[in-house]
1. Being hydrophobic (A, V, I, L, M, F, W, C) and at pLDDT below 75 is the filter here, so list the residues in region 45-67 that pass it.
2. Please determine whether any residue of region 68-84 is assigned to a helix (DSSP H, G or I), among the hydroxyl-bearing types (Ser, Thr, Tyr), surrounded by 10 or more Cβ atoms within 10 Å (Cβ to Cβ) and modelled with pLDDT of 80 or more.
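The values are calculated or read from the model by the stated rules, or taken from the named source; none is laboratory data. These numbers were taken from a predicted model, which means no experiment stands behind them. Every residue, glycine as well, gets a Cβ built from its backbone with ideal geometry; the counts of neighbours run over all protein chains shown.
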Amino acid sequence: MMYLSALRAQARTFLGKFAKTEEGVTAIEYAIVAAGVAAVVSVIFKGQSGGPVYDMLSNVYTSLQAKVQSMLVVNGGGGQNNPAP
């Protein structure tokens with residue numbers, strides 16, 4: 001019975017100190033902020049085509065891809081399979 005009382009006292013002391021320390025609070029706050037940002041981003045992007053930001057980024061990527069491909073064709077490639085003259 002004495003052992004159980006000592007264990008209870010140690011647990012109470014530990015929990016009291018743990019509640020007073022603020023070391024983990026910052027990490028929890030950052031996790032909450034990150035979850036909020038993720039929720040906002042998922043609402044904006046809608047996770048699929050149809051969202052305004054998604055469509056804009058898709059158009060930019062497609063345009064950039066076409067320009068890079070046209071540059072490679074004009075310049076003769078220069079890669080391993082198609083060395084430049």
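1. In the first step, residues of region 45-67 are kept if they are hydrophobic (A, V, I, L, M, F, W, C); the result is 45, 53, 56-57, 60, 64, 66.
Listed by number, the residues that qualify are 45, 53.
2. Yes, region 68-84 has at least one match.
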